[in-house]
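Student: Below are the structure tokens for one structure; questions will follow.
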Amino acid sequence: MTARHVYFSGRVQGVGFRYSTKQIASGFDVTGWVKNLPDGRVELFAQAFDTDELDAFLEDIQQSSLGSHIKEREVSTVPAQAGLRGFGIVRE
């Protein structure tokens, strides 16, 4: 299992970023979550058994209408989380 932790910056809050990301995730075999951060960025954690599937998911986010709102994307490979199901929006 491969996992990525991503921080998106730009005009990524108040534009339906989390909802759209969840919709994009439904087309891929990925699990994880997306949430807004107090500093205006959006944080995403996603994992998949297939690295190509995970990379395609992240690329689809970039290539969607959300891409025009993203100024910067910081991606890290991180350990997978056991027991994570589905892809959701975290509201804190």
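The values are calculated or read from the model by the stated rules, or taken from the named source; none is laboratory data. Keep in mind that this is a model prediction, so the values were computed, not measured. Virtual Cβ from ideal backbone geometry, glycine too; neighbours counted across all protein chains shown. Remember, those area values only see protein heavy atoms, side chains included, never the ligands or the DNA or RNA. Shrake-Rupley method; radii C 1.70, N 1.55, O 1.52, S 1.80 Å.
Student: Using only Cα atoms, tell me the angle between helix 51-63 and the longest principal axis of the chain; keep it within 0 to 90° and round to the nearest 10.
Tutor: For helix 51-63, the angle is close to 10 degrees.
Student: What is the distance, in nm, between label points placed 7 Å from the Cα along the Cα-to-Cβ direction at D29 and at T51?
Tutor: Modelled inter-label distance: 1.7 nm.
Student: Lys and Arg at +1, Asp and Glu at -1: add these up for the other residues within a Cβ distance under 11 Å of R91 and post the number.
Tutor: The answer is +1.
Student: By the scheme Lys and Arg +1, Asp and Glu -1, what is the net charge of all other residues having a beta-carbon under 13 Å from that of G40? Present the calculation step by step, with values, prior to reporting the outcome.
Tutor: Working: positive: R11, K35, R41, K71; negative: D39, E43, E72.
Around G40, the surrounding residues sum to +1.
Student: Specify the inter-centroid distance of region 1-34 and region 69-90, based on alpha-carbon positions, in whole Å.
Tutor: Result: 7 Å between the Cα centres.
Student: With a 1.4 Å probe and every protein chain left in place, work out the accessible area per residue of region 8-64 in Å², rounded to a whole number.
Tutor: Heavy-atom SASA per residue in region 8-64 reads 48 Å².
Student: On to the next question. Tell me the carbon and sulfur percent of the accessible area for the chain, rounded to whole percent, probe radius 1.4 Å.
Tutor: On the chain, the fraction of accessible area on carbon and sulfur atoms equals 45 percent.
Student: Of [x] -0.39, -1.45; [y] -0.31, -1.55; [z] -0.35, -1.50, which is the value of log10 I(q)/I(0) by the Debye sum over Cα atoms at q = 0.12, 0.26 Å⁻¹ derived from the coordinates here?
Tutor: [y]
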